[in-house]
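Reviewing the structure listed below.
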Amino acid sequence: METPDSGFRRVLVVGTGALGVAFLPFWVNWLKNSFPDLDLRVALTRSAHRFVSAEAVSVLSGREVFVDDWHQPPTAGAGTAVPHVELAAWPDLVLVHPATLNFVSRYALGLPDTPLLLALQSTRALVGVAPSLPPGAHKSPVAQGHLDVLRARPGVVVAPTVEAVSASTGESEDGGSAPLSELYELCVAHRKEGRP
């Protein structure tokens with residue numbers, strides 16, 4: 001495990017609508033316990049709310065959760081800050097875990113259709129992405145093309161997918177999201193290597 005000397009001080013964790021987001025409270029707790037000096041915030045897409053409670057994540061992170069919706073009121077302490085501008089400027093590391101194929105595709109295409117995606121297109125922070133693919137998507141040239149775009153983008157680290165059992169098919173195949181701890185370590189290594 002990396003020491004707090006990783007250079008990361010402000011981490012934004014983004015949960016999207018993959019079933020694995022149900023484990024986000026565990027990962028938020030892991031980050032808080034492993035790196036107590038980190039300033040941690042969490043953002044959830046609207047679809048993530050199907051599988052995880054913003055209230056639980058808020059209690060564990062110690063901060064109000066940002067909901068990725070243009071119609072959400074500003075969070076406490078945000079003042080009059082424009083959400084996407086503040087989200088782009090605040091972190092030095094963004095961890096998208098898990099990242100659905102929908103989120104990966106929109107991010108790779110540069111679509112700024114939510115405050116969070118606009119922030120990710122504008123941030124100077126390192127962005128780590130742990131894809132969570134539906135059954136069969138690991139063989140899709142379109143899905144792989146979007147992942148290749150992100151892998152080639154400066155300032156983005158894409159974790160490899162892992163073998164996982166699909167909740168819908170019951171079959172094991174490549175496409176599960178790597179653990180958040182692995183995504184974090186990949187980002188630390190990227191920073192230490194001085195890559196853009």
(request) For the chain, calculate the relative contact order in percent as a whole number, restricting contacts to Cα pairs under 8 Å that are 6 or more residues apart. (result) 20 percent
(message) Can you pull out the GluC sites (Glu not before Pro) in segment 133-196 whose DSSP state is coil and whose Cβ has at most 11 other Cβ atoms within 10 Å?
(response) E171, E193
(message) At 0.890 mPa s and 25 °C, plugging the Kirkwood radius over alpha-carbon pairs of the chain into Stokes-Einstein gives what diffusion coefficient in µm²/s?
(response) 146 µm²/s
(request) Can you grab the distance from the C-alpha centre of segment 114-160 to the C-alpha centre of segment 44-59, Å, no decimals? (result) 21 Å
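Add -39500 (n - 2.57) for each DSSP H run of 4 or more in the chain, then divide by its residues: what number comes out at 222 nm, to the nearest 500 deg cm²/dmol? Each step should come with its number before you reach the end.
Values: 7 runs with 68 residues, N = 196.
Result for the chain: -10000 deg cm²/dmol, rounded to the nearest 500.
Applying 1/(1 + (r/R0)^6) with R0 = 45 Å to the Cβ-Cβ distance of K192 and E171, what FRET efficiency is obtained, to the nearest 0.05? Walk me through the intermediate numbers first.
Numbers: r = 38 Å, r/R0 = 0.84.
The value I calculate is 0.75.
Averaged over all directions, how much area does the convex hull of the C-alpha atoms of segment 122-187 cover when projected, in nm²? Show your work: numbers first, answer last.
On the way: hull surface 19.4 nm².
Answer in nm², one decimal: 4.9.
What is the sum of charges, Lys and Arg at +1 and Asp and Glu at -1, for the other residues whose Cβ falls under 12 Å from the Cβ of S166? Mind dumping the intermediate values first?
Details: positive: none; negative: E163, E171, E173, D174.
For residues surrounding S166, the net value is -4.
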(request) Have a look at T16, T45, T100 and tell me which one the Gaussian network model of the chain (Cα, springs below 10 Å) gives the largest fluctuation. (result) T45
(message) Need one number: nm distance between label points at N33 and E55, each 7 Å from Cα along Cα→Cβ, rounded to one decimal.
(response) 2.4 nm
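Every read-out reported here was derived from the displayed coordinates using simple, explicitly stated rules and does not represent laboratory data. Since the structure is predicted, the reported quantities are computational estimates derived from the model, not experimental observations. All Cβ positions, glycine included, derive from the backbone under ideal geometry; neighbour counts span all protein chains shown.
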